[in-house]
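The values are calculated or read from the model by the stated rules, or taken from the named source; none is laboratory data. As the structure is a computational prediction, the values presented were derived from the model and not from experiment. Here Cβ is always computed from backbone atoms with ideal geometry, including for glycine, and neighbour counts include all displayed protein chains.
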Amino acid sequence: MSTMSRRGFLQNSALVLGGLSLTSLVGCGGQASGGSEGSAPAAAAGAGAKLVEEGKLTCISNMYFPPFEFMDEKTGEAKGFDIELSNAIAEHMGLTANWTSESNQSFDSLVPTIKAGGKADIAIAGMTITEDRKQEVNLSNPYLDSNQSLVIKKGSGETLKTLDSDEKTIAVQAGTTGADWAKENFPKAASAGNIKGLDDIITAMEGVSTGNFNALVTDLPVASYQINENGFDGLEIEEEIPTGEQYGIAVSKDNPQLLDDINAALEAIKQDGTMAKLQKKWFGQEL
Ligand code: ARG
């Protein structure tokens, strides 16, 4: 598929997404009733947690981060590991995960939106738990371990050394830990203004394929998936960067009960094997 048509697909998907109903988006059965019976002691069935919409766990993300979150090219549905995890969490709380055309935001607006309140209950976005973010919002217990990666065009010969030059351009997703890592580790490229913060990782990968960018820094599971499963086989991972990150779910500091409920649900999901199942489905293995 050409890079143009890939891009076109995504734009079309965004349009389609706008016209779909909530249930068709997520396709989860929901829990008609009775989420609060005694059979599920681990989760408090949402009792006491404030919710934007009653009965729903309203989610936001940045949908250009496969396989964690992306829009299905054909149907415009929100899909991915985080989407299914949100469904499982919601179910444990006796709620339905609520994904709409409004759920897709730029990555760097997610924490401010959760902090401001009123639009969404949680941001679930392959979001690394960092001290800076913890100043602004609460983050759940970790649900996945991750690292960064340096992605280059196959055979281009770029390395960590060759890239730190004012003549090289490195793409990142704006506001991410990969962006911070690139700024710190490519100081010459950074001071020349050559670390380019984009809104989405797919545009960044296309740019590396076409030679617009010399490299990309992004989360390793995303790079592997895109290269091995999603058509970007003209790219390669030049370096795995062991940053030791962990992903958490962002919740407003004004909603401590929701944080407790999410953590209880995550624990139950780990215990009952759902977490392992989701990881195998989306990553081919447990991470
Ligand atoms: N883990 C990285 C971070 O937290 C990147 C996350 C990007 N996620 C997304 N849905 N676009 O900064």
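Okay, residues lined up against (1) basic (K, R); (2) farther than 16 Å from W181 by Cα; (3) more than 15 Å from the ligand (Cβ to nearest atom):
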site	(1), (2), (3)
L216	no, no, no
E229	no, yes, yes
T243	no, no, no
Y247	no, yes, no
E267	no, yes, yes
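Regarding L25, is this residue touching a Phe, Trp or Tyr at 6+ places or on another chain (Cβ under 7 Å), more than 16 Å from the ligand (Cβ to nearest atom), at pLDDT below 50 and not in a loop (DSSP other than H, G, I, E, B)?
Yes, satisfied.
Screening G175 with (1) within 16 Å of the ligand (Cβ to nearest atom); (2) more than 24 Å from S109 (Cα to Cα) gives one miss only, at (2).
For residues that are under 17 Å from P142 (Cα atoms) and within 13 Å of the ligand (Cβ to nearest atom), tally how many sit in segment 68-84.
Final tally of qualifying residues: 4.
Can you name the number of the only condition in (1) assigned to a helix (DSSP H, G or I); (2) away from the ligand (no atom under 12 Å from the Cβ); (3) under 17 Å from E240 (Cα atoms) that I152 fails? Answer for I152: the failing condition is (1). Only one of the numbered conditions (1) within 14 Å of V251 (Cβ to Cβ); (2) in contact (Cβ under 8 Å) with a residue 40 or more places away in the chain; (3) of a type in the set (A, V, I, L, M) is violated by A116, and that is (2). Just one of the listed residues (A116, A120) is more than 19 Å from D272 (Cβ to Cβ) and crowded, with 18+ Cβ neighbours inside 10 Å, and it is A120.
Within segment 165-224, the set of residues being polar (S, T, N, Q) and closer than 27 Å to G284 by Cα comprises Q173, T176, T177, T203, S209, T218, S224. May I ask you to verify whether Q246 is of a type in the set (S, T, N, Q) and touching a strand residue (DSSP E or B) at 6+ places or on another chain (Cβ under 7 Å)? Taking the combined requirement at face value, the residue satisfies it. Before we move on, is L160 over 30 Å from H92 (Cα atoms), within 16 Å of the ligand (Cβ to nearest atom) and of a type outside the set (G, A, S)? Taking the combined requirement at face value, the residue does not satisfy it. Among the candidates A90, A97, A125, single out the residue that is within 16 Å of A250 (Cβ to Cβ) and assigned to a strand (DSSP E or B). On inspection, the qualifying residue turns out to be A97. Report yes if some residue within segment 132-140 is under 16 Å from the mean Cα position of the chain (by Cα) and away from the ligand (no atom under 13 Å from the Cβ); otherwise report no. The answer is yes; a qualifying residue exists. Scanning segment 156-192 for residues that are basic (K, R), farther than 26 Å from G248 by Cα and in a helix (DSSP H, G or I) gives K161, K188. Determine, yes or no, whether D180 is at pLDDT below 95 and either within 16 Å of the ligand (Cβ to nearest atom) or closer than 15 Å to L163 by Cα (or both). Judged against the criteria, D180 is not a match.
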